[in-house]
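Report on the following structure.
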Amino acid sequence: MMLNITLIGYGKMGKMIASLAEQHGCKVKSIIDPHQEGCEKEIREDLLGEVCIDFTQPQSVLENIKKVAAVGKHMVVGTTGWNKYEDEVRKIVEANNIGLVFGANFSIGMNIFNRIVRYAASLCDKFPIYDVCGWEMHHNQKADSPSGTAIQLAETIISQSSTKETAIYDRLNRPINKSELHFASLRGGSEPGWHNIIFDSENDTIELSHHVRSRACFATGALKAAQWISVHKGMYSFNQMMEDLLC
Ligand SMILES: NC(=O)c1ccc[n+]([C@@H]2O[C@H](COP(=O)([O-])OP(=O)(O)OC[C@H]3O[C@@H](n4cnc5c(N)ncnc54)[C@H](O)[C@@H]3O)[C@@H](O)[C@H]2O)c1
């Protein structure tokens, strides 16, 4: 049976999800976006499908979650840059007994990449000849910098490192302290998402790269998350959902 979904935000990601929905067993019941022609202008109970997928902007996401939770519908939140509200959102999800999956990167490939980086970081940490750093590049419309994915990758590397304690995302014209992991962010062109991790020694370099070819990779993960959360309650990261699917 098809799952009825509502798209909140009909920009680049909303449009991609709409185009792939049926392939993933989802039917788009409604699309809400106050700034796009032909879309519903606000969240109303009668418009909502069983799961609402939010790809909007950081300033809108908390209000959207409150409105959807108030009518007991489940959510997939792909919008990035709202981490400071995470505790508040968790309380809203629990109080309204709904399910919510969130994540800075809904790419299944990136989730696997993160696991590979974790393993590589744990191996290289045993050999002090290797230092580690990273960079990411996204299109020039992206609102946040560094990307949420860069922050996640940096946390993964630090969790496996006996020398790196913090990450810095900008050098601020000062030398890198050895206890800092340097992660650079580039913004330009139309790049949908490119993350590189480099383990470097005097004699060789190990370079791990995840390069998004199209936004379809995020949309596929978001639709998979919609199916999964339709039968779960509580707040889960995309990674927690992947753990469940992998076991
Ligand atoms: N989690 C992931 O895998 C992933 C992947 C790509 C992008 N993103 C994030 O998703 C978000 C959207 O990305 P995009 O590339 O589609 O952006 P976009 O700018 O192309 O589209 C955003 C749309 O949201 C609409 N919008 C803004 N406020 C709204 C509201 N209150 N209600 C309904 N619609 C509203 C805007 O009018 C716009 O059409 C960004 O935060 C981006 O960083 C996440």
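The values are calculated or read from the model by the stated rules, or taken from the named source; none is laboratory data. Because the structure is predicted, anything quoted here is derived from the model rather than measured. Cβ placement follows ideal geometry from the backbone for every residue including glycine, while neighbour counts extend to all protein chains displayed. Side chains are part of the model used for accessible areas, which takes the heavy atoms of the whole protein and leaves out ligands, DNA and RNA. Shrake-Rupley method; radii C 1.70, N 1.55, O 1.52, S 1.80 Å.
The table that follows gives values for the structure above.
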quantity: Of K15/K142; K84/K224; K12/K224; K29/K73; K15/K41, those spanning more than 21 Å from alpha-carbon to alpha-carbon; calculated: K84/K224
quantity: Two-site label geometry, L47 and W135: point separation in nm, points 7 Å out along Cα→Cβ; calculated: 4.2
quantity: Acute angle (nearest 10 degrees) that the helix 108-124 long axis makes with the longest principal axis of the chain, alpha-carbon atoms; calculated: 20
quantity: Percent carbon-and-sulfur accessible area, region 108-211, ignoring ligands, DNA and RNA, probe 1.4 Å; calculated: 54
quantity: Per residue accessible area in Å² of the chain, where ligands, DNA and RNA are left out and the probe is 1.4 Å; calculated: 52
quantity: Protein-only accessible surface order, largest first, of D33, D46, D204 at 1.4 Å; calculated: D46, D204, D33
quantity: Anisotropy class of region 134-190 from Cα gyration tensor, a/c 1.5 cut; calculated: oblate
quantity: Between region 186-209 and region 89-124, the alpha-carbon center distance in angstrom; calculated: 21
quantity: 17 Å cut-off, amide nitrogen to a point 7 angstrom out along Y85 Cα→Cβ, residues in region 120-148; calculated: 143-144, 148
quantity: On Cα atoms only, tilt of 58-70 relative to the major axis of the chain in degrees; calculated: 40
quantity: Amide N proximity, region 158-190 versus S145 label position 7 Å along Cα-to-Cβ, cut-off under 15 Å; calculated: 169-173, 183-190
quantity: In Å², nearest 10: area of Y85 left accessible to a 1.4 Å probe; calculated: 70
